[in-house]
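Colleague: Below: one structure in structure tokens.
Each reported figure results from applying straightforward, stated rules to the coordinates on display, with no laboratory input. Bear in mind that the values here come from a model prediction, so they are computed numbers and not experimental data. Heads up, the Cβs are rebuilt from the backbone with ideal geometry, glycines too, and the neighbour counts pull from every protein chain shown.
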Amino acid sequence: MMSYFIVIGVVLRVLLPAWLMDRLFGDPVSLPHPVIWFGKMIAFGEKRLNKGSYKLWKGGIMSVLLILFVYSVTIGIEYALSFLGTPAVIGFDIICIFFCLAGTTLIKEVRMVFEAVDRSLEEGRIQVARIVGRDTSELSAQEVRTAALETLDGVLDEKIACGTRNFAKEPAMTEKETLDAIDTGVRLVKQCKENGYQILATGEMGIGNTTTSSAVTAALLHRLASETAGRGAGLNDKGLSRKKQVIQEAIDKYDLYKADAFTVLQTVGGFDIAGLTGVFIGGAMYHVPIVLDGLISGAAALLAKRIIPGTEHFMIASHLGKEPAAKAILKEIGIKPVIHGDLALGEGTGAVMVFSLLDLAMSVYNGHTDFSRLEMAPYERLS
């Protein structure tokens with residue numbers, strides 16, 4: 001009973017005030033953040049130790065030393081404050097927890113990073129440096145956005161590499177990278193199944209990935225790039241023409257009309273498409289229905305069917321996308337879309353929209369609403 005009251009006391013005296021301060025104020029912009037210091041110490045050690053032999057041992061030793069250092073400093077400060085009385089120690093603890101929570105501030109900061117990088121890359125690098133400890137001076141615009149998102153709770157870090165290669169010059173991924181990305185998708189479906197999920201929606205967020213998905217589709221369906229490439233996020237006529245040219249040249253360069261699905265994915269695909277391909281394969285392996293969204297997830301679904309026939313039996317098409325290749329993909333897979341809304345979306349929007357319709361259909365099915373309960377005569381089949 002005594003330990004119970006001690007826990008309640010800690011919550012009321014320390015955790016609750018720290019949480020309220022975070023909700024009300026967020027982190028003060030003018031003050032340096034201790035997490036940034038931690039990140040800089042880690043970056044300092046990684047730069048000097050993450051090379052040569054015994055990297056794992058050196059990294060482990062560095063981690064232990066950093067933990068001991070932070071612990072020793074914290075205990076030392078608390079010991080010094082103890083001479084001023086218990087309120088001083090509690091105040092210090094509240095401030096430490098307040099800085100470590102950072103829930104309110106992180107959401108605002110991530111939004112500010114995206115707004116800053118839209119204005120200029122350099123401004124985005126400066127803004128993201130406020131919430132990450134790494135060197136941001138050489139980050140690309142996409143890496144700036146990724147670094148910001150990785151700070152949020154719930155965002156999984158499944159990075160294979162810092163982007164794929166330019167397929168106009170060389171294959172987009174190595175064989176190992178492609179397999180790792182597919183395996184990531186399969187593994188995430190397994191985790192979701194174990195956590196009780198019964199259906200999953202797919203979606204993606206990126207710039208330029210209608211190019212990779214159009215290239216994959218053209219190669220798999222033996223179509224010209226002009227038949228599969230669309231305007232994506234809003235290309236003008238000149239940009240669309242260049243997009244078609246790049247895709248067709250890559251197909252011809254690597255002779256992809258004669259290649260198998262895995263080679264097509266490795267050569268002109270991307271980590272997003274490979275990961276989604278793994279999700280569709282995982283859906284079939286673990287008997288979890290997977291809902292397609294736009295063109296990118298459609299291309300991944302087609303790849304999954306080609307790599308492992310039968311995966312299509314666990315796919316549900318949410319909507320017919322606006323991109324030229326969307327209809328051909330669904331026809332080739334052999335599934336029909338639920339929504340015909342001429343949507344130019346791919347961030348999982350269409351997949352989520354169809355969930356309400358699926359819930360409605362299942363409520364009728366599970367409710368056993370039949371003609372007898374409605375006091376109606378059933379239909380009779382005409383011979």
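Colleague: Roughly how tilted is helix 237-254, in degrees to the nearest 10 and between 0 and 90, from the longest Cα axis of the chain?
Modeller: 80 degrees
Colleague: Something else about it: Mind checking which of M205, A250, V113 is farthest towards the positive end of the chain's charge dipole, using Cβ charges of +1 (Lys, Arg) and -1 (Asp, Glu) about the Cα centre?
Modeller: With unit charges placed on the Cβ atoms, the residue in question is A250.
Colleague: Further, regarding this structure: State to the nearest 20 debye the size of the charge dipole of the stretch 241-380 about its Cα centre, where the only charges are +1 on K and R beta carbons and -1 on D and E beta carbons. Don't jump to the answer; show the numbers that get you there.
Modeller: Values: 12 positive and 15 negative charges, 98 e Å.
Charge dipole, the stretch 241-380, about its Cα centre: 460 debye, nearest 20.
Colleague: 222 nm [θ] for the chain, helices only, -39500 (n - 2.57) per DSSP H run of 4+, per residue, to 500?
Modeller: Details: 17 runs with 231 residues, N = 383.
Mean residue ellipticity, 222 nm, calculated: -19500 deg cm²/dmol.
Colleague: Could you tell me which of the pairs K190/K253; K193/K258; K193/K331; K159/K243; K108/K159 are separated by over 30 angstrom between their Cα atoms in the structure shown? It would help to have the intermediate numbers written out before the result.
Modeller: Numbers: K190/K253 37 Å; K193/K258 36 Å; K193/K331 28 Å; K159/K243 27 Å; K108/K159 24 Å.
Distance filter (> 30 Å) returns K190/K253; K193/K258.
Colleague: With Cβ to Cβ distances under 15 Å as the rule, what net charge do the other residues near L84 carry (K, R +1; D, E -1)? Could you put the intermediate results ahead of the total?
Modeller: Details: positive: none; negative: E78, D93.
Local net charge: -2.
Colleague: Compute the length gained on full extension between D183 and D260: take 0.36 nm times their separation in residues and subtract their Cα-Cα distance, giving the result in nm to one decimal. Let's see the in-between values first.
Modeller: Values: separation 77, 0.36 × 77 = 27.72 nm, distance 1.86 nm.
Extra length from D183 to D260 when fully extended: 25.9 nm.
Colleague: Another one. Using the alpha-carbon atoms, what tilt in degrees (0 to 90, nearest 10) does helix 103-119 show relative to the longest principal axis of the chain?
Modeller: With both axes taken from Cα atoms, the answer is about 60 degrees.
Colleague: Enumerate the calculated ³J(HN,Hα) couplings along the stretch 279-285 in order (Karplus 6.51 cos²θ - 1.76 cosθ + 1.60, θ = phi - 60°), each rounded to whole Hz, writing x wherever the residue is Gly or Pro.
Modeller: Taking θ as phi minus 60°, the curve returns 5, 5, 5, x, x, 5, 5 Hz for the stretch 279-285.
Colleague: What does the charge dipole of the stretch 232-285 about its Cα centre add up to, to the nearest 20 debye, if the Cβ of each Lys and Arg holds +1 and the Cβ of each Asp and Glu holds -1?
Modeller: Details: 6 positive and 6 negative charges, 40 e Å.
About 200 debye.
Colleague: While we're here: Which option, (i) 46; (ii) 64; (iii) 34, is the value of percent of Cα pairs over 34 Å apart that was calculated from these coordinates?
Modeller: Checking each listed value against the structure points to (i).
Colleague: Placing unit charges on C-beta atoms (Lys and Arg positive, Asp and Glu negative, everything else neutral), compute the dipole magnitude of the chain about its Cα centre in debye, rounded to 20. Don't skip to the answer; put the middle values down first.
Modeller: Details: 38 positive and 41 negative charges, 125 e Å.
The calculated dipole for the chain is roughly 600 debye.
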